[in-house]
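Remarks on the structure that follows.
Where a number appears in this text, it was derived from the coordinates with a stated rule and is not lab data. Since the model is a prediction, treat every value here as computed from it, not as a measurement. Reconstructed Cβ throughout: ideal geometry from the backbone, glycine too, with neighbour counts over all protein chains shown.
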Amino acid sequence: MKTVLITGCSSGYGLETARHFHAQGWTVIAAMRTPREDVLPRSDRLRVVALDVTRPESIAAALEASGPIDVLVNNAGIGLMGAFEVTPMTTVREVFETNTFGVMAMTQAALPGFRARRSGVIVNVTSSATLAPMPLVAVYTASKTAIEGFTASLAFELEEFNVRVKLVQPGYGPSTSFTSNGGARMQGLIPEAYAPFAQRIFASLGQPSAVTQASDVAEVVWRAANDASGQLRFPAGPDAVALARST
Ligand SMILES: NC(=O)c1ccc[n+]([C@@H]2O[C@H](COP(=O)([O-])OP(=O)(O)OC[C@H]3O[C@@H](n4cnc5c(N)ncnc54)[C@H](OP(=O)(O)O)[C@@H]3O)[C@@H](O)[C@H]2O)c1
């Protein structure tokens, strides 16, 4: 029986991914900043651990508590939408701390175990924003694109040890807590001069031609974790798949 550790399982894509791996018979370690047992099925194959990916001591404690794992899914992430000109550098750093350095730190912490066992998979959840540029998300896109390059390079050195790395690129998922979780961070990031442009963008976002469901992402993370073909990138959700085809 295989074990997966998934970060950011309190809501959205991470929560659904935890449910999906559990339903497939895996042992699931669902990591959350604020642990809650009530969102997941009660099972001896399901454990909730506390984890903040921006805190090294939290990462060490979570991996210690998890024991040996077969797959790490770096799903935890935060969003940001706004005009770059007025985005404080503290906010830029905050986004990178979670989306970029948090993923790197989790990867570094998991690698000794994977390398020693000559087996393991790391699935990094980025975004369809890395497939084609989208407006008003420059910082967020930068934080996720860094992980695309990081993962693609890492694949070579880890192949030596039979450790695989994968990228899952979800599309726009308005049903998750992503926008509400980022609400406070985005306050004041559309100044007057940018308002007409931003209004046009927000209007088009309100009428998407296709959106991604959490179940789309869970299924694709599952496919990526079990993939033996060498495929690196896995778009998830109809909008992301269409974007990947058009680029
Ligand atoms: N929804 C979209 O439109 C969309 C599109 C493309 C990619 N994505 C990516 O998909 C992933 C999941 O997002 P989602 O849509 O499911 O959003 P979500 O519902 O807000 O879930 C994000 C999860 O990440 C956790 N998290 C945030 N900061 C963390 C930290 N420092 N340490 C540990 N956990 C942390 C959150 O925990 P708390 O509950 O404690 O905040 C939450 O569990 C993210 O990487 C996001 O960038 C989302």
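Could you compute the net charge surrounding VAL71? Neighbours are other residues with a C-beta less than 10 Å from the C-beta of VAL71; K and R count +1, D and E count -1.
Within the 10 Å Cβ shell, the charges total +2.
Rounding to the nearest 10 and keeping the result within 0 to 90°, find how far the Cα-based axis of helix 138-159 lies from the longest principal axis of the chain.
30 degrees
Against the longest principal axis of the chain, how steep is helix 12-23, in degrees 0 to 90 to the nearest 10, with axes from Cα atoms?
Once rounded, one gets 30 degrees.
Provide the gained length on full extension for the span LYS2 to ALA116, in nm with one decimal, where the gain is 0.36 nm per separating residue minus the Cα-Cα distance.
39.4 nm
Mind giving me the nanometre distance, one decimal, between the label points for THR34 and GLU85, set 7 Å out from Cα along Cα→Cβ?
Rounded to a tenth, the inter-label distance reads 3.7 nm.
So what is the 222 nm mean residue ellipticity for the chain from helices alone, if each DSSP H run of at least 4 adds -39500 (n - 2.57) and you divide by all residues, rounding to the nearest 500 deg cm²/dmol?
Calculated at 222 nm, the ellipticity per residue is -13500 deg cm²/dmol.
If I fit a long axis through the Cα atoms of helix 195-205 and take the longest principal axis of the Cα atoms of the chain, what angle between them do I get, 0 to 90°, rounded to 10?
The angle comes out at about 50 degrees.
Within 10 Å, at most 13 other Cβ atoms, and a DSSP state outside H, G, I, E, B define an exposed site. Report the longest part of the chain free of exposed GluC sites (Glu not before Pro).
38-159
Post the alpha-carbon centroid distance, the stretch 76-110 to the stretch 131-191, in whole angstrom.
9 Å
How do SER10, SER128 rank when sorted from fewest to most other Cβ atoms within 10 Å of their own Cβ?
Fewest to most other Cβ atoms nearby, the residues stand as SER10, SER128.
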